[in-house]
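Here's the structure we're looking at; comments come further down.
The values are calculated or read from the model by the stated rules, or taken from the named source; none is laboratory data. Predicted, not measured: the structure shown is a model, and the values here were computed from it. Note: ideal-geometry Cβ built from the backbone for every residue, glycine included; neighbour counts use all protein chains shown. Each accessible area value is taken on the protein alone, full model and side chains, heavy atoms only, with ligands, DNA and RNA left out. Shrake-Rupley method; radii C 1.70, N 1.55, O 1.52, S 1.80 Å.
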Amino acid sequence: MDAPLETRNSELEGTGPVFSQALRSALGRVPVWLLVWAGGFILALAVAIPWYSWFDDLVTGRYKPGMVSGSLDAIFRQDHRAGFSALNNSTAQTASVLVFVAMMLGAFTAGGWLQVVLERTRGQSIRRFLFGGAQYFWRFLRVLILTLLVLLFIGWLVYDDPFKEGVLGRLLGVAKSDWGTLESLDSEATVVAIRAGQDAVYLLCFSLVMCWADYTRTRLALQGTHSAVWAGLTTFFTMLRHPIKSLRPLLALVIIETIALLLGSFLIDWLQADFVGPNSVAAITTAQVWVLGMVSQLVLMFRCVIRGARYHVTTLVSQSVVRPLSRPDPWRESIGGPGGPRYPLEEGDEYGVAL
């Protein structure tokens, strides 16, 4: 069993709120979050390049420059529907594989972030990141599988038989034959409210499960254990005992991330304003296209920083509320000189010190 990381280093030091400490720490790990961003960027290129190549071959020499850069009208889509269909099918197959790879990459980067945060390295972040990703990969993969199972169970509760029988059938009195369409309800507003309520409940549960998964990974790294199920159970009860301390700094990071995403989306919309309209062909420049791409990638980079900050938060909180494991000392019942070999004492052995 690996030695728990909390025994190798003193507690992480810092001043100010937990989320601000975490954000400063993650921002300072420039090589790490650039590496994480590069991994996602490469996966995205695997999907984007076939589309770019197809459009490049299609529009070159057939359309005026910028004619289809703003939008694809119905005539364009109808003329090339066969190509769109083939490309969509190919992309769906590729994306299904890349989603699996992205999930594996997420389990790897989680171990890397925790290793870097807990080891407090200076100048060796990338090496320790890769080491941590490999060391904790299989444990965190089991946490990923456990998380997916929990989300499937919650989805079943919120959208399937329990909700239909408990809420639609008993509470609202909807006939079983109308559970799918809800046509027997009085107004469309009621239907919209029910669907929105389901989505809101699932979103809340999804967010809590993601927090629980991060704390579970952190507990595994801190204590050096291997059981994802046991770590998940103990983490669940720890979060129940300390809900505000566990969730408040993560909520602050979510708010910061949301603000960054909104600002990025407004800036992208402003940059794309010249892409649509009667003067779009003359207005679009290569510089605008590059700036548009850079803004989107900067937003994605900041999301990688936030991901690292989440693990710094879970580490700080876990170190203050999670009790260290009581491990037996294998050398306690042994004899031997300082710095030399030691020999375990068996039952019945007698040992004394003569002065």
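If each residue of separation counts as 0.36 nm, what is the full-extension length gain between residue 325 and residue 47 once their alpha-carbon separation is subtracted?
Extra length from residue 325 to residue 47 when fully extended: 95.5 nm.
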Distance histogram in 5 Å bins (all Cα pairs of region 92-207, percent per bin):
2, 10, 14, 13, 11, 11, 9, 9, 7, 5, 4, 3, 1, 0
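So how do 300-306, 228-234 stack up, highest first, on mean other-Cβ count within 10 Å?
Numbers: 300-306: 19.6, 228-234: 17.4.
Listed from highest to lowest mean packing, they are 300-306, 228-234.
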As a test of reading the structure, rank 126, 42, 194, 255 by solvent-accessible area (1.4 Å probe, protein chains only), most first.
42, 255, 126, 194
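What does the extension gain come out to for residue 242 and residue 226, with contour length at 0.36 nm per residue minus their alpha carbon separation?
Values: separation 16, 0.36 × 16 = 5.76 nm, distance 2.36 nm.
3.4 nm is the gain from fully extending residue 242 to residue 226.
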Virtual spin-label span in nm between residue 159 and residue 255, 7 Å along Cα→Cβ:
3.1
